[in-house]
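Notes for the one structure printed next.
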Amino acid sequence: MKPAITYELIKQCPHTGARAGRIHTPHGSFDTPIFMPVGTQATVKTVSPEELKAMGAGIILSNNYHLFLRPGSKLIKEAGGLHKFMNWDRAILTDSGGFQVFSLGDLRKISEEGVTFRSHIDGSKKFLSPEIATKSQMDLGADIIMAFDECVPYPADFKYTRESMELTLRWAQRCKDTMTSENQGLFGIVQGGMYKDLRIECANRLVDMDFPGYAVGGLSVGEPKELMYEMLDITLEHLPKNKARYLMGVGTPDCLVEGVMRGIDMFDCVYPTRVARNGTAMTWNGRLVIKNAQYERDFNPIDEHCDCYACRNYSRAYIRHLVRVNEIFGLRLLSIHNLHFLINFMKEMRQSILEDRFVDFYQKFTANFSFNAKSV
RNA sequence: GGGUAGGUGCCCGAGUGGUUAAAGGGAACGGACUGUAAAUCCGUCGCCGUAGGCUACGAUGGUUCGAAUCCAUCCCUGCCCA
C-alpha cells in the first residue's frame with residue numbers, strides 16, 4: 001500500500017545540500033522547502049484559513065497537547081476531524097506535545113511511561129505517553145503526526161542527553177507501534193542535544209525504524225547558531241534522501257537559508273506570528289520594529305516590493321498607529337505580512353534551487369540581511 | 001456671598017514631620033521573542049553626573065535640626081447652599 005506521506009525529490013543543488021521537492025499528503029501536495037505557519041490551538045492566531053490560502057500556505061501546524069487539553073481530541077474527532085473542525089482542507093501537521101514537555105518546565109514530570117503534566121489551564125494533573133499522544137493525534141487526523149519526544153534543554157550534559165535520547169528512541173518505537181492510521185504519516189524526531197555522536201546515533205536508529213519523514217528536534221533552544229548548524233550538518237548526513245526532513249521550531253530568515261542549504265525541506269516557527277503580535281515586521285533586510293517612533297510619519301508600506309495584503313494597502317505609520325492603540329487589525333496586518341514574507345521567501349529560495357542559482361541567492365541574501373534592519 | 005472637599009512628577013493617583021526623587025497605574029521610549037502557558041514579558045521614565053550634586057509635591061512667607069506632610073496669607077478647581 002502507498003504510504004500516506006511521500007517525498008518527491010525534484011531538484012538537488014549541485015553545490016550545496018539544498019533541494020527542491022514536493023510532499024504528497026491526503027490533503028494535497030505542497031512544494032518544498034516550505035515554511036509552515038503555526039496554529040497551535042487550531043487557528044493561526046489572527047489569520048483566517050482564506051487568508052492563509054491567499055498567501056500560498058500549503059500546510060499548517062497545530063498542537064496535540066493544547067487540543068488534547070481543550071477542547072479534547074475526542075471532541076475534534078466527533079466534529080469530523082481537525083481539518084473540518086477548523087475549516088482547513090490543505091495539509092496539517094500536529095506536534096505531539098513533546099515540545100511542551102520541554103517548555104512547560106516545572107509543570108511536568110518525566111518517567112519511562114510518559115509525562116505527567118499539571119495543566120497550564122487549571123492546574124489539574126494530566127498524563128501524556130507515546131501511546132496516548134499518538135492515539136490523540138490519530139483522533140485529530142492531521143496528515144503528518146509527530147512522535148512523542150523529549151526536547152532536551154540547552155545546555156545539557158552528555159549523560160542526561162544520552163539517556164533522554166534513548167528514551168526518545170524507545171518512545172518513537174512505541175509511537176510507531178501505536179500508529180495504525182493509513183491516511184496519516186508519523187515522523188520520527190532526532191534528538192541528541194549538542195553532541196554529534198548522539199545526533200548520528202539517534203538518526204541512524206530512527207532510520208532503522210523506517211519513518212516516512214524525519215524531524216530534527218532539540219535545536220534552536222538557546223544555543224549559538226553556529227552550533228545549531230554544526231548539529232544540522234552532521235544529522236542530515238545520516239538521514240535518507242528519499243524522505244522529508246523537517247527542522248522543528250526554526251523560522252528566522254537567516255536560519256531558514258542555512259537550513260535549506262543543508263537539505264531541510266520543512267520548517268515551522270511561531271516567530272513570524274508572535275513577533276507580529278509584538279509589533280515587528282519581517283523584511284529581506286531584517287526586522288522592522290514598526291512600533292518604534294521612527295515610523296510615526298512613515299507613509300510607505302512595510303516593504304514596497306511586497307505584494308501582501310498589508311503592503312498593498314497600508315502604511316507603516318498606519319500599522320504603527322493600530323499597534324499602539326491596541327487594535328487587533330494591526331496585529332493581523334503584521335501577521336499576514338510576516339507569514340506572506342516567509343512563505344514567499346521559501347518560494348524564491350525554491351525557485352533559485354530549480355534554476356541552479358541557490359548559491360547566488362544565498363550570497364545576495366547574506367549581503368542584504370542583518371537581524372535588525374538598518375534600512376529606512 | 002456662605003459652606004465644604006481639594007490642588008503631588010507627561011496624565012491619573014498614594015503618601016499627612018525624617019527610612020520620599022516621592023508607592024501604584026497609565027502614557028511615552030527602548031529591548032526581548034525560533035516544534036506558542038505570549039495581543040506577552042523586561043527595562044528606562046525630573047536634571048547633570050563616576051561617587052555625588054541640583055531642582056521638585058499650586059504660590060509666597062513662617063514653625064522646625066528636618067516640611068509634599070504643620071501654620072498664615074494669596075491664587076485656582078470640584079461639589080453643596082443662597
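It is to be established whether one or more residues within segment A:216-223 are over 20 Å from the mean Cα position of the chain (by Cα) and surrounded by fewer than 17 Cβ atoms within 10 Å (Cβ to Cβ). Among the residues of segment A:216-223, not one is over 20 Å from the mean Cα position of the chain (by Cα) and surrounded by fewer than 17 Cβ atoms within 10 Å (Cβ to Cβ), which makes the answer no.
Annotation note: Cβ proximity below 6 Å between a residue of segment A:181-197 that is in a strand (DSSP E or B) and a residue that is more than 16 Å from RNA strand B (Cβ to nearest atom) and open to solvent by 10 Å² or more (accessible area, probe 1.4 Å) (sequence gap 6+ or interchain) occurs for A:Gly185/A:Ala4. For a quick check of your reading of the model, give me the residue pairs whose first member lies in segment A:94-105 and is under 15 Å from A:Leu61 (Cα atoms), whose second is open to solvent by less than 30 Å² (accessible area, probe 1.4 Å) and near RNA strand B (Cβ under 6 Å from one of its atoms), with beta-carbon atoms closer than 6 Å and at least 6 apart or on different chains. Filtered contacts from segment A:94-105: A:Asp95/A:Asn63; A:Asp95/A:Met146; A:Ser96/A:Met146; A:Gly98/A:Asp149; A:Gly98/A:Cys151; A:Phe99/A:Cys151.
If you take the residues of segment A:274-288 that are surrounded by fewer than 18 Cβ atoms within 10 Å (Cβ to Cβ) and near RNA strand B (Cβ under 6 Å from one of its atoms), which of them is nearest to A:His340 (Cα to Cα)? Among those residues, the one meeting the criterion is A:Arg274. Just a yes or no: is a residue in segment A:104-115 crowded, with 19+ Cβ neighbours inside 10 Å and assigned to a loop (DSSP other than H, G, I, E, B)? Yes, there is a match, as at least one residue in segment A:104-115 is crowded, with 19+ Cβ neighbours inside 10 Å and assigned to a loop (DSSP other than H, G, I, E, B). Whether a residue is open to solvent by less than 10 Å² (accessible area, probe 1.4 Å) and in contact with a strand residue (DSSP E or B) (Cβ under 8 Å, 6 or more places away or on another chain) was assessed, and A:Phe35 passes this test. Taking the condition more than 16 Å from RNA strand B (Cβ to nearest atom), open to solvent by less than 80 Å² (accessible area, probe 1.4 Å), small (Gly, Ala, Ser) and over 24 Å from A:Lys11 (Cβ atoms), does A:Ala310 pass? Yes, satisfied. Listed by first and then second residue, the pairs linking a residue in segment A:23-47 that is more than 23 Å from A:Gly97 (Cβ to Cβ) to a residue that is near RNA strand B (Cβ under 7 Å from one of its atoms) and of a type in the set (Gly, Ala, Ser), with Cβ atoms under 6 Å apart and 6 or more places separating them unless they lie on different chains, form an empty list. Residues that are more than 12 Å from A:Leu219 (Cα to Cα) and open to solvent by 30 Å² or more (accessible area, probe 1.4 Å) within segment A:182-200 comprise A:Glu182, A:Asn183, A:Lys196, A:Asp197, A:Ile200, listed in sequence order.
So, A:Val325, is that one among the hydrophobic types (A, V, I, L, M, F, W, C), open to solvent by 10 Å² or more (accessible area, probe 1.4 Å) and away from RNA strand B (no atom under 16 Å from the Cβ) or not? So A:Val325 does not fit the description; no.
Beta carbons closer than 9 Å, at least 6 apart along the sequence or on distinct chains, pair a first residue in segment A:250-270 that is more than 17 Å from A:Glu348 (Cβ to Cβ) with a second that is within 6 Å of RNA strand B (Cβ to nearest atom) and of a type in the set (Phe, Trp, Tyr) for A:Val250/A:Tyr271. Elements of the type helices (runs of 4 or more DSSP H) sitting completely within segment A:1-97 and holding at least 2 residues that are at pLDDT 95 or above and under 29 Å from A:Ser129 (Cβ atoms): these cover A:64-69, A:73-78, A:82-86.
Going through (1) near RNA strand B (Cβ under 10 Å from one of its atoms); (2) open to solvent by 30 Å² or more (accessible area, probe 1.4 Å) one by one, A:Ser48 falls short only on (1).
Against the numbered list (1) within 12 Å of RNA strand B (Cβ to nearest atom); (2) free of Cβ contacts under 8 Å to residues at least 40 places away in the same chain; (3) outside any loop (DSSP other than H, G, I, E, B), A:Gly123 comes up short only at (3). Just so you know, in segment A:256-272 the residues that are within 30 Å of A:Tyr318 (Cα to Cα) and surrounded by fewer than 24 Cβ atoms within 10 Å (Cβ to Cβ) include one that is farthest from RNA strand B (Cβ to nearest atom), and it is A:Leu256.
Candidates A:Ala172, A:Ala156, A:Ala203: the one that is more than 11 Å from RNA strand B (Cβ to nearest atom), open to solvent by less than 40 Å² (accessible area, probe 1.4 Å), within 29 Å of A:Tyr271 (Cα to Cα) and part of a helix (DSSP H, G or I) is A:Ala203.
The values are calculated or read from the model by the stated rules, or taken from the named source; none is laboratory data. Values in this document were obtained by computation on a predicted structure and should not be read as measured data. No Cβ is skipped: glycine too gets one built from the backbone with ideal geometry, and neighbour counts run over all protein chains shown. Accessible surface is based on the protein model in full, side chains and every heavy atom, while ligands, DNA and RNA are left aside. Shrake-Rupley method; radii C 1.70, N 1.55, O 1.52, S 1.80 Å.
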